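Single-structure report; data block below.
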Amino acid sequence: MTDDWKSVTFDPFAPLTDLSRWVGAQSVAWMPDGWPKDFLGYWVYDLVKIVLLLLVTSFVLNLLRRWVGVKWLRQSLGRDDWVGMCCGAALGVVTPVCSCSVTPLYASLLHGGAARRPAACFLFAAPAVNEFAIVLVWFALGWQWAVVYTAFGLLASILTGLLADRLGLEPCPWCGPPAHDAFREGAWFVWSAWKSAFVDAFVLLNRLKWALVIGAGLAAALVKFNLTPVQLLTDSGHHPLAPLLAAVIGLPLDVNAAAAGPILIPLAKLGLPIGTLVSLMMATTVASFPEAAVLRPVIGWRGVLKLGLWYLLYTSGVGLLLNALSSSL
């Protein structure tokens, strides 16, 4: 299997990612080759990437609120009902980010005025059910299983929204949107709107700065020192409880959909049960230790633990169900 699936996907954040990767490489260009250089370079790259994502998305959302008012937001992500949740899930599908990058975007949505449930739907869908994930599953397992994966992913996204209060996904006090909403004419308001949106973006960054530094460091450590789960799942992938093992292995890893190919495709070639593969793909993309570190200032450790348990139960449960259904056919 080649990486041809990458040619049919579109990453709107590719310029920011490329810039961050260049900054990371330049920051360690003076160091001799070795693991310290690789570790520090990835740390800088990941930190710059999530900081840029946070600033850009927060700035754009706050600027739109000031230019066009809150009506557009109240009619979509601002609605704490089924329409709002579907909008949050749909936004996640077209937002291909990794688990450690989705939390700053989640905070930006809350800061921009999104309701609790739509933001929660986005939190699950963006890393796990985005276009990269769907196309990769299509290439690795076939279009039928890509449809199944998407359906279960969107269902999980909606359920995350419905369970938002029980999972501790309450908007934090400092994530509340600023009060400047009305549209006004004139050059002075245009300048004021840009300035206020810029200030609000940096206020949010300041709130999350240490969490972002720690999260990027954890991501660098996982990328540099973590062993891939391929061999372990190769040895035990046909066990009845293999989907649970896949979820336990995958959830802590900092793996985005684009980077999951080298893990998913070899295991698919070995003929592992479909449920095990789906559990692994969904678990590796939806969450990670770096995401937990960045999410803690927003929802607290209790919320992080509840969310992690929900992810574990759902991703492993889907795999166990699919394996049971496929074996009975």
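The values are calculated or read from the model by the stated rules, or taken from the named source; none is laboratory data. Remember, it's a predicted structure, so these values are computed and weren't measured experimentally. Reconstructed Cβ throughout: ideal geometry from the backbone, glycine too, with neighbour counts over all protein chains shown.
Being touching a Pro at 6+ places or on another chain (Cβ under 6 Å) and over 17 Å from I214 (Cβ atoms), is that true of even one residue in region 308-318?
yes
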What's the total number of residues in region 270-300 that are within 16 Å of L136 (Cα to Cα) and either touching a residue at least 60 places away in the same chain (Cβ under 8 Å) or in a loop (DSSP other than H, G, I, E, B) (or both)? 7
Residue pairs within 6 Å by beta carbon, gap of at least six or interchain, first lying in region 21-47 and over 13 Å from A216 (Cα atoms) and small (G, A, S), second at pLDDT below 90 and assigned to a loop (DSSP other than H, G, I, E, B), listed first then second, are none
Long-range neighbours under 7 Å by Cβ, at least six apart or interchain, first residue within 23 Å of L47 (Cα to Cα) within region 248-265, second assigned to a helix (DSSP H, G or I) and among the small types (G, A, S): G250/A283; L251/A283; L251/G308; D254/S99; D254/A219; A257/A133
In a loop (DSSP other than H, G, I, E, B) and of a type in the set (F, W, Y), is that true of W30? yes
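Considering only residues that are part of a loop (DSSP other than H, G, I, E, B) and under 22 Å from the mean Cα position of the chain (by Cα), look in region 223-239 and name the one that is modelled with the lowest pLDDT. Break it down into steps so the answer makes sense when it comes.
Applying the first criterion (part of a loop (DSSP other than H, G, I, E, B)) to region 223-239 yields 226-229, 237-239.
Subsequent filtering for residues that are under 22 Å from the mean Cα position of the chain (by Cα) retains 226-229.
Values: N226: 56, L227: 50, T228: 57, P229: 62.
Filtering region 223-239 for residues that are part of a loop (DSSP other than H, G, I, E, B) and under 22 Å from the mean Cα position of the chain (by Cα), the one modelled with the lowest pLDDT comes out as L227.
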Please go through region 314-329 and pick out each residue that is not in a helix (DSSP H, G or I) and not aliphatic (A, V, I, L, M). none
So is L233 more than 24 Å from W35 (Cβ to Cβ) and surrounded by 24 or more Cβ atoms within 10 Å (Cβ to Cβ) or not? yes
Those residues of region 293-311 which are at pLDDT 90 or above, of a type outside the set (V, I, T) and either closer than 18 Å to P262 by Cβ or within 15 Å of the chain's Cα centre (by Cα) (or both) amount to L307, G308, Y311
Scope region 34-51; condition at pLDDT 85 or above, assigned to a helix (DSSP H, G or I) and surrounded by fewer than 19 Cβ atoms within 10 Å (Cβ to Cβ); matching residues: P36, K37, D38, F39, L40
Residues that are crowded, with 24+ Cβ neighbours inside 10 Å and in contact with a helix residue (DSSP H, G or I) (Cβ under 8 Å, 6 or more places away or on another chain): list the helices (runs of 4 or more DSSP H) wholly contained in region 52-171 that include at least 3 such residues. 82-93, 99-112, 116-128, 131-141, 143-162
Farther than 30 Å from L163 by Cβ and either under 22 Å from the mean Cα position of the chain (by Cα) or at pLDDT below 90 (or both) - does that describe any residue in region 74-88? no
With in contact with a Lys or Arg (Cβ under 9 Å, 6 or more places away or on another chain) and modelled with pLDDT of 80 or more as the only criterion, which of A247, A164, A146, A242 stands out? A164
